[in-house]
Structure formats: C-alpha cells, structure tokens
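Read through the structure below, which is laid out as structure tokens, and then see the notes.
The values are calculated or read from the model by the stated rules, or taken from the named source; none is laboratory data. The structure presented is a predicted model; accordingly, all values stated were derived computationally and were not measured. Cβ placement follows ideal geometry from the backbone for every residue including glycine, while neighbour counts extend to all protein chains displayed.
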Amino acid sequence: MKALKDKLIAALKKSAADLVACGNIDRMTDPAVKKLFPEAKTVICVAFRQLRGTRRGIEDGTVFYQYSTSVETLEEVMIPGALLRGCAVLEEAGFEALPQKRQLLVSNDENTNFEVDYNEVFRNTKAEVTLDFEKCARDCGLGEIGLSGSILTDDFGPNQRWGFIITDAELPADEAVTAHLCDNCKECIKACPGHALSEDGKRDSWQCAAYYKGANRTRNPFMPPDAFADDPERLAIIAGVADLTPEHAREIIDQINFYPPNKHAFVASMCGRMCDAACYVHLEEKGVLKRKFKTPFRKRPVWKLSLEGK
Ligand code: SF4
Ligand code: SF4
C-alpha cells in the first residue's frame, strides 16, 4: 500500500496541496468519520497554505476583500478539486474514497459560522453528519490544536485550510503529532478586537461574528460616525468591550454594511483575523516555523483608530 500512498500524495501535490497526513481509522476520535463511512480504514488530511501575502491587506488595514476571497478560492475551488483528484487515484486502485470539504454553512443550533452571513447558515444539523475538522486534522497527524482552537503546523502555523479523503484503503499511517507549538502565551486571546475568545480559548461564535464583520470602530476605517446610534450600548460595542447575546450580535451584524459585501459566500474579515495573526507573529518570532521568509510578517505596529474613527 505504500506505492498507492505515494501515488496519492503525488497526485494531491500536483493539485497544489502543501501537506498530506494519513491517519489510521483507530486513531480518529470523531464518531462522524465512521457514521460517514463505516468501512473506512484511513482518513487523509489534505492541506493548502494560506498565502501570507493574502493577509497583508487585513494586517495593514489597506484592503479587506483579498483575504476572504483567497480563503473562498481555497475552500470552494482548490481543495475540492484536489480531493476529487485524490479520490480518483484511490478508486482507480479499486477502493472507495469520500471527499470531505468543510461545509461552511452548517452550524449547530446555538452557534453560527463567523466567516459567512448568519442568514445563510443551515441549522437543521440533526439530519446532517459533519466532521469536526480540527479534531480530524489533529488525529490524521497534520498538526496540533492551539489554545485559540486553530490547527497549528510546523510549516505554516495557523495559516492553512484543509479537507479530507475517507477511504477503505489501508494506507500506512503518518505519525501522530505531539503538541509542541502552542505555549499558552494567550496572544491570540489578547489580540481579538471583540474579546470573542475566553481565557480558556473558547470562541463565542456570535461575538466573533459581530467583530469579524467589523463592530469595533478602532479596527474599522469604514464605520460612519452615526453607526449603532440607537443602541444604548453603542460605546461599549464600538470599543469592543460589549458582551453580546446572539440576538444583540444579529442586530449589530444587520447594521454593518459599511464595506462593500463580497459577491461570494464569505464576508470580509474586518477584524483582521487578529487571533491567528498574533499567533503567527508569536511563532515566527520564536523561530519555530519551518517556512522562513526574508522579512518578518509584522512590519509595522498594529494599527488602531480612535473611537472617533481617526
Ligand atoms: S497565540 Fe499562543 S496561546 Fe494562542 S494558539 Fe498561538 S501559541 Fe497558543
Ligand atoms: S480576532 Fe476576529 S476571528 Fe479571531 S476571535 Fe476575534 S473576531 Fe473572531
């Protein structure tokens, strides 16, 4: 089976995948894997780097749509294409192979998906089997789950997106990763402009959705002076210190129309995805990432406007 694994990896890399990690079925802790394919023997995690340059606009506050459209291209074009190619290699060898891309619009009843419009989120989750993408990536051996909940890899830190192939081919497993990157520095938590991550790293998805879309005025150059004028908590909201209920978060999100909406499913990341940016900067400064650049990612102090938007 090593020859088949080599052939599969070659096909995936030809489809621009950066990292491939194979996990034996016995290592998979997410029960959804077996629900999806009871005969599965191997889960293959296929990851693509998020180019550092696509973060430049949200890092420097110059342009905001490049980041989300690049993520969407990975999620909706590159990853599904590579997964289909990989599945074809396995099916050519007589095995069944299920591609699994992230189902961006599915959430559980209480939460939302902060990367998309909450109105688009499908909530009848009882009828749908979905993988826990972070847990499965870790179990495949792609990387570790950091305090922020993001997958961290030696190659790219928190900067990758990924999908899976579940197959009944018994491919040689890669080694599981022992967590070694996240040092509990909490830079991810401190960096969020909407305090959406609690001290234990748990993400409040509605709080995150409101601030991802730009509720903090100090991080949103497009916010007009009268934004949220009728909200009694206006000052706390624009300062990023309000604690939002899901209902309040929805009211705020409905009023955030300051930046031209993407003509895609993903909303622009006005928060700059600062949790992951801070993590990347931290790991880069520690010198623990394999992929080196000639210059550091953070080239200037983190920008911040006043509460008056200046
Ligand atoms: S910023 Fe620090 S605490 Fe947060 S995930 Fe990264 S290494 Fe872990
Ligand atoms: S920095 Fe942005 S993506 Fe990260 S938790 Fe905060 S609002 Fe959400």
So, in the range 48-70, how many residues would count as being surrounded by 20 or more Cβ atoms within 10 Å (Cβ to Cβ) and hydrophobic (A, V, I, L, M, F, W, C)?
3
Residue 238 being crowded, with 16+ Cβ neighbours inside 10 Å, closer than 30 Å to residue 1 by Cα, more than 10 Å from ligand 2 (Cβ to nearest atom) and touching a residue at least 40 places away in the same chain (Cβ under 8 Å):
no
May I ask you to verify whether residue 35 is outside any loop (DSSP other than H, G, I, E, B), surrounded by fewer than 18 Cβ atoms within 10 Å (Cβ to Cβ), free of Cβ contacts under 8 Å to residues at least 40 places away in the same chain and not assigned by TED's automatic domain parsing to the domain that holds residue 213?
no
Does the range 227-237 contain any residue that is hydrophobic (A, V, I, L, M, F, W, C) and under 14 Å from residue 193 (Cβ atoms)?
yes
Out of the residues in the range 177-207 meeting the condition of being within 15 Å of ligand 1 (Cβ to nearest atom) and part of a helix (DSSP H, G or I), tell me which one is surrounded by the most Cβ atoms within 10 Å (Cβ to Cβ).
188
Cross-chain or 6+ apart pairs with Cβ under 7 Å, the range 179-193 first and farther than 26 Å from residue 241 by Cβ, then more than 7 Å from ligand 1 (Cβ to nearest atom) and among the aliphatic types (A, V, I, L, M):
181/288
Which one of the conditions (1) buried (at least 17 other Cβ atoms within 10 Å of the Cβ); (2) touching an Asp or Glu at 6+ places or on another chain (Cβ under 7 Å); (3) not acidic (Asp, Glu) does residue 20 fail to meet, given that it meets all the rest?
(2)
Taking the range 239-286 only, how many residues are part of a loop (DSSP other than H, G, I, E, B) and either touching a strand residue (DSSP E or B) at 6+ places or on another chain (Cβ under 6 Å) or in the same structural domain as residue 52 (by TED's automatic domain parsing) (or both)?
1
Tell me, which residue of the range 124-178 that is in contact with a Ser or Thr (Cβ under 7 Å, 6 or more places away or on another chain) and acidic (Asp, Glu) is farthest from ligand 2 (Cβ to nearest atom)?
170
